[in-house]
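The values are calculated or read from the model by the stated rules, or taken from the named source; none is laboratory data. Quick caveat: nothing in here was measured; it's all calculated off a predicted structure. With ideal geometry, Cβ positions are generated from the backbone for all residues, glycine too; neighbour counts draw on all protein chains shown.
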Amino acid sequence: MREIWKHIEPEHLFFCYECSRCTGSCPAAMVLDTPGPRRILVSCLYSGPNAVTGDESLWYCTTCHVCEDRCPQELHIVELLTALMNVAAARGNIPDKVRAVVDKIARTGRSVVTYRVDEERIRFGLSPLSQINVEEVEALAARTGLFEKVKSRP
């Protein structure tokens, strides 16, 4: 778990005085059934990083940094959550929805259903999206081992 503490000193989590501004301003917590970053910080603090790497709500973070903007203690919350996601991924703890998005990127180079995007672009008088060089995406993924990590399961 040392890799987690490269991103945030464990002592810094004690600076959090439980105002929950991070959760109150988290867009994921506003629309999803999740207690938000505050609960993850508390779990990490009192139970250790292993306690949260299997929690699917960890993956709800959009890395928008609003939690950090609002944190009066200036904690690096996104760095901690990203490090926790990386550990979870290395262990194969990746939600099926994330796996599906990575699969879509592998096949199309995009993370969204493009026919809907193209329909809207046409409706607004915009040209269709350009084609993505999927071979280039595959080469980048092969170099980083992304697809292998996502396909492996614990």
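Return yes when residue 39 is under 27 Å from residue 133 (Cα atoms) and either of a type in the set (Val, Ile, Thr) or in contact with a helix residue (DSSP H, G or I) (Cβ under 9 Å, 6 or more places away or on another chain) (or both) and no when it is not. Full working, then the answer.
On the way: under 27 Å from residue 133 (Cα atoms): no; either of a type in the set (Val, Ile, Thr) or in contact with a helix residue (DSSP H, G or I) (Cβ under 9 Å, 6 or more places away or on another chain) (or both): yes.
Answer is no for this residue.
On the stretch given as region 58-75, residues that are assigned to a helix (DSSP H, G or I) and hydrophobic (A, V, I, L, M, F, W, C) total 4.
Quick check on this structure: which one of 78, 150 is β-branched (Val, Ile, Thr), modelled with pLDDT of 85 or more and part of a helix (DSSP H, G or I)?
78
Taken over region 77-131, the residue count meeting the criterion of being under 30 Å from residue 40 (Cα atoms), without any contact (Cβ under 8 Å) to a residue 24 or more places away in the chain and among the hydrophobic types (A, V, I, L, M, F, W, C) is 4.
Among the residues of region 94-108, just one is crowded, with 18+ Cβ neighbours inside 10 Å and not in a helix (DSSP H, G or I), namely 94.
Within region 109-119, track down each residue that is of a type in the set (A, V, I, L, M, F, W, C) and either assigned to a loop (DSSP other than H, G, I, E, B) or in contact with a His (Cβ under 9 Å, 6 or more places away or on another chain) (or both). Even if it seems obvious, please write down each step before you answer.
The first filter runs over region 109-119 and keeps only residues of a type in the set (A, V, I, L, M, F, W, C), leaving 112-113, 117.
Scanning region 109-119 gives 112, 113.
When residue 88 is tested against the conditions (1) modelled with pLDDT under 90; (2) under 30 Å from residue 49 (Cα atoms), the lone failure is (1). Within region 125-139, the set of residues being within 24 Å of residue 89 (Cβ to Cβ) and touching a helix residue (DSSP H, G or I) at 6+ places or on another chain (Cβ under 8 Å) comprises 132, 134, 137, 138. For region 16-33, state whether one or more residues are part of a loop (DSSP other than H, G, I, E, B), closer than 12 Å to residue 84 by Cβ and in contact with a Cys (Cβ under 8 Å, 6 or more places away or on another chain). No, the conditions are met nowhere in region 16-33.
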